[in-house]
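**Student:** My questions all concern the structure below.
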Amino acid sequence: MIEFLRTFSDDQLAIGGCVLALLAGGLLAQLAYALGPEGRKHRQSRSARILPAPQPLRHAEDRAA
């Protein structure tokens, strides 16, 4: 493994480290969102909502005097 890393220059290793750090940070942020309270709110809002049954229209002549 050490021999493989010696094939890259210092700049290439630095760029690779930055890319890995960004990917790790993005993964951590995604997990924090999915497991946190905002993720739970999002999952609940996507679930099927129960709507009340429609009420029949009441016309003026149907009302009690």
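**Student:** Could you say whether any residue in segment 4-19 is aromatic (Phe, Trp, Tyr), modelled with pLDDT of 75 or more and loosely packed, with under 10 Cβ neighbours inside 10 Å?
**Tutor:** Keep residues of segment 4-19 that are aromatic (Phe, Trp, Tyr), which gives 4, 8.
Keeping just the survivors that are modelled with pLDDT of 75 or more gives 4, 8.
After this cut, where a residue has to be loosely packed, with under 10 Cβ neighbours inside 10 Å as well, the list is 4.
Yes, segment 4-19 contains at least one residue that is aromatic (Phe, Trp, Tyr), modelled with pLDDT of 75 or more and loosely packed, with under 10 Cβ neighbours inside 10 Å.
**Student:** What are the residue pairs meeting all of these: first residue in segment 16-41, first residue aromatic (Phe, Trp, Tyr), second residue surrounded by 10 or more Cβ atoms within 10 Å (Cβ to Cβ), Cβ atoms under 9 Å, and 6 or more apart or on different chains?
**Tutor:** Sorted first by the residue in segment 16-41, then by its partner, the pairs are Tyr33/Gly39; Tyr33/His42.
**Student:** Next up: Would segment 48-61 turn up any residue that is part of a helix (DSSP H, G or I) and at pLDDT below 85?
**Tutor:** Taking segment 48-61 as the starting set, the residues that turn out to be part of a helix (DSSP H, G or I) are 60-61.
Now drop any that are not at pLDDT below 85, which leaves 60-61.
Yes; the residues of segment 48-61 include at least one that is part of a helix (DSSP H, G or I) and at pLDDT below 85.
The values are calculated or read from the model by the stated rules, or taken from the named source; none is laboratory data. Predicted model, so just to flag it, every value in this text is computed and none were measured. Heads up, the Cβs are rebuilt from the backbone with ideal geometry, glycines too, and the neighbour counts pull from every protein chain shown.
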